[in-house]
Amino acid sequence: MDGFFFDFEALEVREKAEEEAAAANTAMAAAVAQAEVTVEAAAAEAEFDDDGISEVWPDDLPNDLQSLEMHISSSKFLYTITCDAVQPWEVVFSRVVARAAPNLAAPVVSIHSRAELLFGDPHWYSESWIRLGEAGSYVLKDGRLKDPKLGVLLKPFDWPTEVSVPESYHCQVLSILRDLWVQARRRSRILNPADIRRLRLASDEALQSCSSGIGVQPSISPCLGHEGSIESKDDGCQGGDSIKELDTEKPKEEGRENEDGELDLEKGTAWVGTFDVHKFENVLWDEAQNILGAFEKNSHDNMVESTVEEDDIEDNIVGDSTEVAKTLVNLTTPFMGSAPQGEQWDHLGNCLERQPGGGVGITPAIARRLVSSMRHQRLPSLLDLNELVEQVRRTCVDMPSLTRITVPLGTTLHVIGDVHGQYWDLMHIFDTHGEPSPTNMYLFNGDLVDRGQQSVEVVVAVFSWFLACPGAVFVNRGNHEAEWMNMLFGFQAEATKKYSEESFTLFSEAFRSLPLASVINDSVFVVHGGLSDRIGVKLEEIEALERRVEPRDGDSLMVDLLWSDPMECHGSRASPRGGGVLFGPDITRDFCGTNDLLCVIRSHEMRPPGYEWGHNGLCLTLFSAANYCGICANLGAVCNIRPAGRGRLQMSDLQIETFETHDPFP
């Protein structure tokens, strides 16, 4: 064969590269599998303090660990898909967050779940982060930058098994996939796992249906215009390198199909077993329209229109966090526990008593009727709901930030921890401890909402009794009584689904008016989160705090009261939650000594027995959502305070009762 030369050296290099690629793929798969096992195992360890459903997101980091320097090499990430213009990634952790800047202290601007496809900016490089091309936000690649117990958070996307896409079509196919996921994000800013599964299934089936048979490589590159120049629109090619890459696959024979479907060797390039990119696009978008249409239907007010320009989307995402949050319509995770799925809720007629001078009057009989009706899935009317919530706001707005509660002799005060939308646990508490009255008082210690799917019912019940029994029912604010948290963890979606966006705004305003803490008989301090590391904080300072703002806009002491957690070692350090501090037993002792207190009761953390005494008996953690989110198998707890004498309380006046979940729809 005259002129034939076989390059054995090149063959050896190629074989070696293929072996290295296979080894890297195996290592990557092992790393991903190990990451998942490590996360699941670590979540079960007390010292990890991440139950998988807390606000400790995968790339949140305590401030005192932000100086950690860890070199994470990107060499373990092997790209089997060749395209310089589109950089696809797959989320392999249960949930990751995107931040406004590539550092762990930057604000969170979006949340992404396992199996979701993300598309990095190919013109921006970091060993530890990717920059989302469509959003301008940043996602951590490797969780070990946050915590050594974590592992890979993202992996490079690869074609499904048994799918073969010619290298010359990689960019075009990836561009089509990218457009689909960008459209999905525009319609529904947070994709829940069911949405992601549907999108992935549609993508995989479209790829598989178009990856066999005889195909044709066009004589013009897929990313070139008819004149041979790069098209100005963003269709997957951004420069000469991408065009060069499209030409790397050598054709097996020349030709193109004619109108009769026969191979015409004079019109282009063809090969056996190729990929029909046009069919792929049509098949994918036909199915995608059904999926995206469902997003449109479920997005309530359709807050993010599909016609918004890319630059507008980017500005919204990296802008003010409150405005960003207003675009988060869907839940981060599906509603969990309480009430059968798909059940329609009815609404009562107007039943509140309108006052001549404005506002509404709620008697115990009306509160009892509302609570009973909601047991049978009948909600208050829209008018009653809005007026009830507004009445709570007006009642609380001028109250001090610290409520001073007096429990008379012969009276019981029930302190309730986190409820998180678990209405049937609240009903069990009322059934076993009695409805509120002047001699049967209640103090709800925040986190009424989010995660459970009956948060609206919980708030309506508590607010109704708050107005019906003034001086007998009290409500502290929790870290989830905040607009940003509600938009991330479900209450906004629930409130707008059952009522309206206006109703959610009224809820947010009412939440901002709630007091931050209470003190019972000048003896027991009750707060949702915990204490501050400020030295010498007095109750009068807390009482005077300006609280009628979102926590991120408030005083750092306010944030500490809502977000802090106790730890067993002395001193304080930054909280892994990203807000508040971890405070030691010395801080609790000093705070109680400064303010002449018996102890501190706080909530904010799930405890398997429902409660936990710490800090040498000075700090009680109380959690009242039993079998939290339907998966934690924890007990719920209530602290009953019954003064045995007049004046200050004694430890013997505090009695704790626990209960199992009473959700009829587990």
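Pairs of C-alpha atoms in the stretch 462-533 farther apart than 19 Å represent 45 percent of all such pairs.
Evaluated over the Cα positions of the stretch 405-452, the convex hull gives a direction-averaged projected area, one quarter of its surface, of 3.4 nm².
Per-peptide packing, taken as the mean over residues of other Cβ atoms within 10 Å, places 83-95, 279-291 in the sequence 83-95, 279-291 from highest down. Does a label point 7 Å from the Cα of residue 353, set along Cα-to-beta-carbon, have any residues of the stretch 451-472 with amide nitrogen under 15 Å, and which are they? Only 465, 467-470 pass the distance filter. Its Cα gyration tensor gives the stretch 558-652 an equivalent ellipsoid, and the semi-axes of that ellipsoid, as √(5λ) in whole Å with the largest first, are 23, 21, 10.
Starting from the Kirkwood Rh over alpha-carbon pairs, what translational D in µm² s⁻¹ does the stretch 96-201 have by Stokes-Einstein at 4 °C and 1.567 mPa s? Value of D from the Cα-based Kirkwood radius: 87 µm²/s. Solvent-accessible surface of the stretch 388-524, averaged per residue with a 1.4 angstrom probe and all protein chains in place: 22 square angstrom.
In percent, rounded to a whole number, the relative contact order of the stretch 431-585 is 18, using alpha-carbon pairs under 8 Å and six or more apart. When Rg and Dmax are taken over the Cα atoms of the stretch 412-490, they come to 12.1, 38 Å. Once the Cβ-Cβ distance between residue 594 and residue 616 is put in as r, and R0 is 22 Å, what FRET efficiency do you end up with, to the nearest 0.05? Efficiency computed from Cβ-Cβ geometry: 0.85.
Here the simple spin-label model places points 7 Å from the Cα toward Cβ, and for residue 123 and residue 660 these points are separated by 6.1 nm. Taking Cβ atoms as reference points and 10 Å as the exclusive limit, the residues near residue 533 contribute a net charge of +1, counting Lys and Arg as +1 and Asp and Glu as -1.
For the pair residue 103 and residue 377, the difference between a 0.36 nm per residue extended length and the Cα-Cα distance amounts to 94.1 nm.
Between residue 633 and residue 569, the FRET efficiency estimated from the beta carbon spacing at R0 = 22 angstrom works out to 0.20. Ranking of 170, 570 by solvent-accessible surface, largest first: 570, 170 (1.4 Å probe, protein heavy atoms only, all chains present).
The mean of 1/r over all distinct Cα pairs in the stretch 424-546, once inverted, gives the Kirkwood hydrodynamic radius of 15.6 Å. Given R0 = 45 Å, the distance between the Cβ atoms of residue 549 and residue 290 translates into a calculated FRET efficiency of 0.60.
The values are calculated or read from the model by the stated rules, or taken from the named source; none is laboratory data. Please read these numbers as outputs of a predicted model, since none were measured by experiment. Heads up, the Cβs are rebuilt from the backbone with ideal geometry, glycines too, and the neighbour counts pull from every protein chain shown. Side chains are part of the model used for accessible areas, which takes the heavy atoms of the whole protein and leaves out ligands, DNA and RNA. Shrake-Rupley method; radii C 1.70, N 1.55, O 1.52, S 1.80 Å.
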